[in-house]
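Below: the structure, in structure tokens.
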Amino acid sequence: MTELRPAGERGYADHGWLKSFHSFSFAGYHDARHMGYGPLRVINEDRVAPGTGFGTHGHSDMEIISYVLEGALAHQDSMGNGSTIVRGDVQRMSAGHGVRHSEFNHDQAQAVHFLQIWIAPDVAGIEPSYEQKHFDAAAKRGRLRLIASPDGAEGSVRIQQDARLYAALLDGAERAEHALAPRRMAYVHLARGKLQVNGHSLGAGDALKLGAAHDIAFERGEGAEVLLFDLPQEA
């Protein structure tokens, strides 16, 4: 099963200070056809206006990953963490039995553009935790770089789910491949640029569900920045 999720069909919310596209049902946007994909629950493409942000709010039992495309986003949480994430940074917060946090764009001129990703954990009620790592452009250039995994392999951030998240930057003749193991499925999200995935032409914000593919080919990129989710197959 292969299904294209066009960028223009995503949910959209404009709060003035926040403009957000929702790949899956979220908040006031509900689409029974797009409730998630396996344990992948949320991909929100957010733009936070200068000098604004998300006030303190709570989460529980969710793996929350922030992937910054442009700008700088300040983070504070009830675990005592305070940091700023920039382009190339991957932030993981395991909400566990409960955590409160805020996110703010302190820059007075530039908006923050980032992807907010939620993955359902395979265990509930754990102690909340936080992790942040940087993956520079060279690490993703022309290849799929593992950035999140259940075991922290290859220096990736560690998540509480049998899921693996890769990122790649692809241009021109650069090509990357990924082989899915049995009983696995994939979700491809193109964050920017243009790219062909298994012969399907994708533009910025487009996504592709690959439920039975064994090999995935990424090629003919034009300023492409792509995320690949390798997920356990749905029962």
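Throughout, read-outs are computed from the coordinates displayed, never taken from laboratory work. Computed from a predicted structure; not experimentally measured. We place every Cβ from the backbone using ideal geometry, glycine too, and count neighbours over all the protein chains shown.
List of remarks:
- Only strands (runs of 3 or more DSSP E) whose full extent lies in the stretch 176-235 are considered here, and the ones with at least 1 residues that are touching a His at 6+ places or on another chain (Cβ under 6 Å), in contact (Cβ under 8 Å) with a residue 24 or more places away in the chain and buried (at least 19 other Cβ atoms within 10 Å of the Cβ) are 207-210, 215-232.
One line per residue, one yes/no per condition, for (1) outside any strand (DSSP E or B); (2) of a type outside the set (A, V, I, L, M):
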site	(1), (2)
S102	no, yes
G125	yes, yes
L146	no, no
L165	no, no
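- Set V42, V48: member being buried (at least 16 other Cβ atoms within 10 Å of the Cβ), among the β-branched types (V, I, T) and over 13 Å from the mean Cα position of the chain (by Cα): V48
- The strands (runs of 3 or more DSSP E) found entirely in the stretch 1-60 that carry 1 or more residues being in contact (Cβ under 8 Å) with a residue 24 or more places away in the chain and over 28 Å from M185 (Cβ atoms) are 18-22, 40-48, 53-59.
Matching residues to (1) basic (K, R); (2) crowded, with 20+ Cβ neighbours inside 10 Å:
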site	(1), (2)
T56	no, no
S60	no, no
A74	no, no
G82	no, no
R87	yes, no
Q91	no, yes
H101	no, yes
Q110	no, no
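- For the stretch 156-175, the set of residues classified as over 23 Å from L69 (Cβ atoms) and either touching a Leu at 6+ places or on another chain (Cβ under 8 Å) or surrounded by fewer than 17 Cβ atoms within 10 Å (Cβ to Cβ) (or both) consists of D162, A173, listed by residue number.
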